[in-house]
Each structure stands twice: as C-alpha cells, then as structure tokens.
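The values are calculated or read from the model by the stated rules, or taken from the named source; none is laboratory data. Note that the structure is a prediction, hence the values are computed from the model and not measured. Note that we place each Cβ from the backbone using ideal geometry, even for glycine, and neighbour counts take in every protein chain shown. Just the protein is used for accessible areas: all its heavy atoms, side chains included, with ligands, DNA and RNA removed. Shrake-Rupley method; radii C 1.70, N 1.55, O 1.52, S 1.80 Å.
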Amino acid sequence: MTVTDTTTIAPPEIRRVMHELKRRDLTVVDVGRVTPHMIRITLQDESLRDFPSLSPDDHIKIFVPQGDGDMARRDYTPRVFDRAAGTLVLDFVDHDGGPAADWARNAKLGDHLAIGGPKGSRVITGDIRNWLLIGDETALPAIGRRVEELDAGTPVTTLAAVTDASEEQSFETKASYTPVWVHRPSEQAHQAEPFLRALKTIQIVPQTFIWVAAEASVARSIRSVLENERGISPQWIKASGYWTKG
C-alpha cells in the first residue's frame, strides 16, 4: 500500500458548466440486457441533436408513470449519446420496487420516455496522470462512460461491486484499463467493507484522481479511508452518494 502525498502538486479543478434546461420526449428504439440485471434502452428523437453532456457522471431526470397516475422522477446517467443520430442510451439496474426499473423491465419498441436536463456538468480538469473509479451497480454507467472516453494510454483502475461474475461488464477503451471486481449479495450493497478490503490491494500513485459513487454511507466511508488512512488530499477525491438505504 502506498500513501500518496499530493500536497505539492496543483490540484485538479472541478468546473461547473450550466446547460439550458430542456424537456425532451423520446421514443424507445432498442431494448436489451448488458448483464442479467442491467437493462439497456436506446431512445431517439430529433430533440437530442442539441443534447449537452460534458461529463461522464452527468445526470438527467427521467419521468416514469406510477400506478397511482403520478409521475416519478429519477436521476440517470447518459451512458452513450449520439447527436448526429439523435440517440441516447440509458442503463437501468433491474431491481424490485423501483418505478424506473419497473418501466425499463416492461419497455418495448415505440414506448415513450420524457427526460429533462442535464442541468449542468461538473468537468474535471488538471494534471491528472491516473484515475481510480469506485462504485456499485448504480455507478457503472458513469464508470463505463469515463473509461471509454479517456484518452489512449491513460491509466485507469475501476473498483466495482456487483452480485456475481455474471454482472461484470466489459468496456471498449483505448485507455490502459485495469478492472477490479468485488462480489457481494445485493442485500449488502449498503455495506462498505467489501470495497475497503479490495481498496487495500490497490496502489494509489501520485496525481491519481479518485471518483466514488455508491450508497451514501458507503461513499462517506470510502472517502474517510482515502483521506485518513491513505493520505489522499480531499482535492483529489470526488465522492457522491448515488442512493440511500431505506
């Protein structure tokens, strides 16, 4: 294990770029499975030709109908988008009890989905030599997009937790990519220990930017270990709670 001192290196900048807030009504043109529990849906509309998304961890709002007639709003990451084709790809974790997952599980060609945003992008810039991306299933769309968009040869390690080997994903990238997968039951997704055990095996070299997204308490625990045990400056970490247990 290496304790990294980044105090003498200029830290990265996370710059907020705002976008015009726009609602788009999209049509489902493809439905598939990335893994047994990850649904991938491709949506299309002419309004996507000016769709803005500058960062792999951007979020849009999707609006899905509920049984009581109201619309549920949920945050999702644009996994892939093609302005020229007017298409947007979203990945949905297939789990019980979520209105977005219920919609995705039953989606068919020709169905419609309304989206809003993204409202803004947090663009990370600076002299970053390496990336470490940590997250659970909900973070995989952002992790996959980041890995695929990095410049050729850029070192990137991912530490991702899924239920078993069948849920591991592959990413096409020119980056120098090292995946680390952790298996744990879905009912343990709110526990940090599987991440923390695996994190002990990962060397963190100077000028590594660390991006974390998981259940809120898990993200906090990982950040705490990185700062207090591994000696990483807070300016080299972006940790977010993508969901909260209960």
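Here are a few things to note about the model shown:
- Checking 102, 91, 75 one by one, the residue that is open to solvent by less than 30 Å² (accessible area, probe 1.4 Å) and acidic (Asp, Glu) is 91 and no other.
- Set 144, 98: member being modelled with pLDDT under 95 and under 20 Å from residue 60 (Cα atoms): 98
- Residues satisfying the stated conditions in segment 192-223, i.e. loosely packed, with under 14 Cβ neighbours inside 10 Å and under 24 Å from residue 11 (Cα atoms): 200, 203, 205, 206
- Residues that are in contact with a Leu (Cβ under 8 Å, 6 or more places away or on another chain) and aliphatic (A, V, I, L, M) within segment 143-153 comprise 143, 147, listed in sequence order.
- Any hit, segment 21-31, residues being among the basic types (Lys, Arg) and either crowded, with 18+ Cβ neighbours inside 10 Å or outside any loop (DSSP other than H, G, I, E, B) (or both): yes
- Of all residues making up segment 49-62, the number that are buried (at least 19 other Cβ atoms within 10 Å of the Cβ) and either touching a Cys at 6+ places or on another chain (Cβ under 6 Å) or closer than 12 Å to residue 113 by Cβ (or both): 2
- Residue under evaluation residue 241, criteria (1) over 24 Å from residue 39 (Cα atoms); (2) out of contact with any strand residue (DSSP E or B) (no Cβ under 6 Å at 6 or more places or on another chain); (3) part of a strand (DSSP E or B), criterion not met: (1)
- Summed over segment 202-228, residues that are more than 22 Å from residue 56 (Cβ to Cβ) and in contact (Cβ under 8 Å) with a residue 60 or more places away in the chain total 2.
- Among the residues making up segment 144-186, a single one is part of a helix (DSSP H, G or I), open to solvent by less than 30 Å² (accessible area, probe 1.4 Å) and without any contact (Cβ under 8 Å) to a residue 40 or more places away in the chain: 147.
- Of all residues making up segment 73-103, the number that are within 21 Å of residue 163 (Cβ to Cβ) and either more than 18 Å from the chain's Cα centre (by Cα) or in a loop (DSSP other than H, G, I, E, B) (or both): 8
- Selection of segment 112-138 for residues being small (Gly, Ala, Ser) and either part of a helix (DSSP H, G or I) or open to solvent by 50 Å² or more (accessible area, probe 1.4 Å) (or both) yields only 126.
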